[in-house]
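Chemist: Dropping a structure here in structure tokens format, bear with me for questions.
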Amino acid sequence: MRSYDEYCAIAKSLDVVGDRWTLLIVRELALSGACRYTDLRNGLPGIATNLLADRLRELERSGVIAREDAPPPIATTLFRLTPRGEQLRPVLEGLIRWGVPLMTEQNPSDAVRSHWLAWALELMLSDRQPDGRPFTIELQTGDRPIVIEARDGAIQSRLGPADNPDATLTGPPTPILGLLLGLHELADAETHGFTYHGDPTLLDRIGADVLPTATDTTAAHRSEVIP
């Protein structure tokens, strides 16, 4: 692992977690808890086997993760975050908030995992009517269904199908994310390639604070000055 050789807290942090794939390994452990090696491979599409092994050794050496033996009948090695590693959770949440505006476009080669989307939605969405009745929306997108639940003024997410959801949203992840974040209108559903079944007023209760990217700002400025 290379060092920036700077007496700076940011540089020292990046010496540990700044290499490619490292924070994504931490992401998987933060989302799933203790994981087997194969679980990490499945959650990190595209990583080479030898590189994952190298990153795990480096993170263990730095005290970010620890390995333990799973009890029978599993009898395999599990990797988990240490208390030091858990301190990176707010860093990951900050990156989610900063990076969600960059998800308005999806490259054809981009892998999609529903547990990544579920974390982002739970973090970004809020209930504009916290005293309103509870409701659930099932998102049929990604590799697994996602349930968005509003209850007691909070938005929570989980993986798996919902029992009798109040609404169902089906389609590719990019337009679904855009709708929930207020970047698309329900009236444009067919244009964007998704379908919505259920009470449309539920979407009025969901809000998100999303700062535009520089590209979005430039495009908006051009639309103002170019007739």
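Chemist: Residue-wise, which Karplus ³J(HN,Hα) couplings in Hz belong to segment 166-178, taking 6.51 cos²θ - 1.76 cosθ + 1.60, θ = phi - 60°, and x for glycine or proline?
Modeler: 6, 7, 10, 10, 10, x, x, x, 5, x, 5, 4, x
Chemist: Still on this model: If each residue of separation counts as 0.36 nm, what is the full-extension length gain between Arg84 and Val112 once their alpha-carbon separation is subtracted? Before the final figure, lay out each step's value.
Modeler: Details: separation 28, 0.36 × 28 = 10.08 nm, distance 2.83 nm.
Answer, rounded to one decimal: 7.3 nm.
Chemist: Follow-up question, since we're still on this one. Packing-wise, with mean Cβ within 10 Å as the measure, how do 43-52, 56-65 rank, highest first?
Modeler: Peptide ranking by packing, descending: 56-65, 43-52.
Chemist: Further question: Provide the FRET efficiency to the nearest 0.05 for the Leu31-Ile10 pair, computing r from the beta carbons and using R0 = 22 Å.
Modeler: Rounded to the nearest 0.05, the efficiency is 0.35.
Chemist: If each residue's Cβ is checked for other Cβ atoms within 10 Å, how do Tyr4, Tyr37 rank with the fewest at the top?
Modeler: Going from sparsest to densest Cβ surroundings: Tyr4, Tyr37.
Chemist: How much length is gained on full extension from Asn42 to Leu159, taking 0.36 nm per residue of separation minus their Cα-Cα distance?
Modeler: Extending this stretch completely gives an extra 40.5 nm.
Chemist: With each pseudo-label sitting 7 Å past Cα toward Cβ, what's the Val91-Arg128 distance in nm, one decimal?
Modeler: Between Val91 and Arg128, the simple spin-label model gives 3.6 nm.
Chemist: Viscosity 0.692 mPa s, temperature 37 °C: give me the Stokes-Einstein translational D for segment 1-119 in µm²/s, with Rh taken as the Kirkwood radius over C-alpha pairs.
Modeler: Estimated via Stokes-Einstein, D reaches 212 µm²/s.
Chemist: How far is it, in nm, from the label point at Thr201 to the one at Ala187 when both lie 7 Å from their Cα along the line to the Cβ?
Modeler: Here the answer is 1.9 nm between the modelled labels.
Chemist: Let me ask something else about it. Can you list the HN-Hα couplings for segment 155-160, worked out from phi with the Karplus curve (6.51, -1.76, 1.60; θ = phi - 60°), rounded to whole Hz and with x for Gly and Pro?
Modeler: With coefficients 6.51, -1.76 and 1.60, one gets 9, 10, 10, 8, 8, x Hz.
Chemist: Which cross-chain or sequence-distant (5 or more) residues have an amide H under 5 Å from the amide H of His184, H modelled 1.01 Å from N in plane?
Modeler: Leu179
Chemist: What distance in nm separates the two pseudo spin-label positions at Leu211 and Thr170, each 7 Å out from Cα along the beta-carbon direction?
Modeler: 3.8
No lab work stands behind these numbers, since they all come straight from the coordinates. What you see is a predicted model, and the numbers here were worked out from it, not measured in a lab. As a convention, Cβ positions derive from the backbone with ideal geometry for all residues, glycine included, and neighbour counts pool all protein chains shown.
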